[in-house]
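Beneath this line is the structure, given in structure tokens, with notes to follow.
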Amino acid sequence: MRPNFDHDSLLSVSAVSAWAKLPVVVWVRRQFAPNTLQITLLLAGIVGLLGALATVAFREALSGLQFLLAGHHSGMVELAQNLNWWQRLLLPTAGGLFAGLILQYATLWVPKKGSDDYMEAIAIGTGVLSLRQTLVKSTSSLFSVASGASIGREGPMVQLAAMFASLVGRVLAFPPERLRLLVACGATAGITSAYNAPIAGALFISEIVYGSISTATLGPLVVASVIANIVIRQFLGYEAVYQMPRFDFVSGWEVFFYVGLGILAGVLAPLFLRLLDTAKERFGALPLPLFVRLGLGGLIVGVLSLQVPQVWGNGYSVVNSILHTHWAWQALAMVLVFKVLATASSAGSGAVGGVFTPTLFVGAALGSLYGLAMNALAPATASVASSYAVVGMGAFLAATTYAPLMSILMIFEMTLSYQVVLPLMLACVTAYLTAQTLREDSVYAKSLRRNQVAGRWLSMTGEASQMRLSSLVVDIKASDAVISAASSAESIGERFVDTGYRNLVVRADDGRLVGTLDAASWWRRQATGKPEQWTEIVSACKPLDGEMALVSALRSVAKMHADWIPVAAADGRWLGVVSLPGLIEIVTEEREGE
């Protein structure tokens, strides 16, 4: 069995090589080493610009498609309210069918190669994102979102921004480590542009994808975020996404109410995520084509909208209504339940989009209900329900993303209300701690599973645990990760550019294993002179035993910053190479199939 580690170039291999040889590109690479801070910050700014423009283009395309469907630019909820009952059923169903047809039949000309998720590309991939797959998924998302699917538009926006960042890095032949960082800058620009939240945009990638806040990555992320926000201000102006009413503490004892809200959000968020997972499993188990499943998901949203038209779209207008108008608790409860079901139907059916914004919707409705209850129980101590609604947004976000700091800053930037920060901090941290004790995985766990899989290898009991490396090796002659020690510096540079690998395996003319060549070391030698003497930086390595079990192999190489590792037989004979991301892919698929 051969590991699945085939990369899809954003451009063709020959096209990327041609771009990399342009005089201006060669001059930039000679003037700046690819790992220098100056070129990274400069390109972070360029990526921020491109990411913002990509999100603006997606917004305009979505607005144009909605105008074609409705004849005006009103929101999705207003559109649903103005339609007849059969039109509420037809539009989301037809939109789901079209979106599914695009996803299903575009694969005939878009092979499934490389990473199509920016989180995977940053966390463990080479930073290579597929141009064609991204465009196909974004087009599919346009039809889903414009027809009322209960998903957010931020998902394709961020993916498009990250894809352009990957394209820039590929053209400039960045080594994988820097290419990952550039893709992270693009994703930051997309989040910033989607929510007009530059600080939270940078922290989203740091806290969720990287798992920590590092000065080495935060600088470029901040530059990309700032540039993206400036561009968005020029196109869309600068104002809070949600206009927050005045926020006041009625009493110091009220802090305990907000802690209670955090606990409630922390308990309910895992149930919400479990519902999303169950919906995906149930839709995936249906013996139906993909486009029929998406159409079915749209039909369910249409049926729910017959009673509650507020389930259409991402819910921006409804959240603003909750913040500024009085809702009866019965109406809030009904909207909350129906919105959760609609989101599960849209996301579960396979529609391309985010659940970030629907999560804010659920948090606002939950917080408002909680606020109404507190006002009924202790009217002299509790604030108005809208105050609990905005804190509920942050608490539920923290309980689903497991990123409390990002959640605090996101709500602050989206409301521009400093008064909300203190109760928001309490509720977000409480919700995060509560949710983490009840559920190990966040809403982004699947995208980051490869980055988290190390802690699960010890408990593997499936077929993958019995695999031997000898059955997974790629033949030396068939692998583009193996080069000859007699290769020229120019051919090696082209190989790194064409593949995006973090390392290559070097063999002697007689077939012996010489060692491994690290991409970062090679690019440093290329920038500092004498690239033809590249064999001096080849690192000796001990091949893995072909009889080693997959679990043991993963334990031994988990901390290696390499994509390809040589494997030898018991008699010392070199068998071939294995791909570390490919092995992790096998483990991930095995666990998801259990």
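The values are calculated or read from the model by the stated rules, or taken from the named source; none is laboratory data. These numbers come from a predicted model, not from an experiment. Here the Cβ is made from the backbone with ideal geometry for all residues, glycine too, and neighbour counts use every protein chain on show. These area figures cover heavy atoms from the full protein model, side chains too; ligands, DNA and RNA do not enter into them. Shrake-Rupley method; radii C 1.70, N 1.55, O 1.52, S 1.80 Å.
Kindly provide the set of residues from segment 371-397 that are open to solvent by 20 Å² or more (accessible area, probe 1.4 Å) and over 16 Å from residue 246 (Cα atoms), ordered by number. Across segment 371-397, the qualifying residues are 372, 373, 374, 375, 376, 377, 378, 379, 380, 381. Out of the residues in segment 354-367 that are aliphatic (A, V, I, L, M) and either open to solvent by less than 10 Å² (accessible area, probe 1.4 Å) or touching a strand residue (DSSP E or B) at 6+ places or on another chain (Cβ under 8 Å) (or both), state the one that is nearest to residue 390 (Cα to Cα). Checked segment 354-367; the qualifying residue nearest to residue 390 (Cα to Cα) is 364.
The requirement of being crowded, with 21+ Cβ neighbours inside 10 Å, at pLDDT 70 or above, more than 28 Å from residue 121 (Cβ to Cβ) and not assigned by the TED database to the domain that holds residue 130 is not satisfied by residue 572. Taking (1) in contact (Cβ under 8 Å) with a residue 24 or more places away in the chain; (2) out of contact with any Phe, Trp or Tyr (no Cβ under 8 Å at 6 or more places or on another chain); (3) over 20 Å from residue 396 (Cβ atoms) in turn, residue 252 satisfies each apart from (1). Residues in segment 215-254 that are of a type in the set (Ser, Thr, Tyr), outside any helix (DSSP H, G or I) and at pLDDT 70 or above: 242, 251. Among the residues of segment 398-442, those identified as β-branched (Val, Ile, Thr) and either over 20 Å from the mean Cα position of the chain (by Cα) or surrounded by fewer than 22 Cβ atoms within 10 Å (Cβ to Cβ) (or both) are 415, 420, 421, 429, 430, 434, 437.
Filtered by the rule that a residue be open to solvent by 40 Å² or more (accessible area, probe 1.4 Å) and within 18 Å of residue 143 (Cα to Cα), segment 283-299 gives 289, 290, 291, 292, 293, 296, 299.
Determine, yes or no, whether residue 313 is outside any helix (DSSP H, G or I) and either open to solvent by less than 30 Å² (accessible area, probe 1.4 Å) or without any contact (Cβ under 8 Å) to a residue 40 or more places away in the chain (or both). When the stated conditions are applied, residue 313 passes them.
Report yes if some residue within segment 342-353 is closer than 23 Å to residue 283 by Cα and surrounded by fewer than 24 Cβ atoms within 10 Å (Cβ to Cβ); otherwise report no. Show your work before the answer.
In the first step, residues of segment 342-353 are kept if they are closer than 23 Å to residue 283 by Cα; the result is 342-353.
Checking which are surrounded by fewer than 24 Cβ atoms within 10 Å (Cβ to Cβ) leaves us with 348, 350.
Looking through segment 342-353, at least one residue is closer than 23 Å to residue 283 by Cα and surrounded by fewer than 24 Cβ atoms within 10 Å (Cβ to Cβ).
If we keep just the residues of segment 509-548 that are small (Gly, Ala, Ser) and touching a helix residue (DSSP H, G or I) at 6+ places or on another chain (Cβ under 7 Å), which is modelled with the lowest pLDDT? It comes out as 520. Just wondering, is there one or more residues in segment 494-508 that are farther than 15 Å from residue 563 by Cβ, modelled with pLDDT of 80 or more and not in a strand (DSSP E or B)? Checked against the condition, which is being farther than 15 Å from residue 563 by Cβ, modelled with pLDDT of 80 or more and not in a strand (DSSP E or B), segment 494-508 yields at least one hit.
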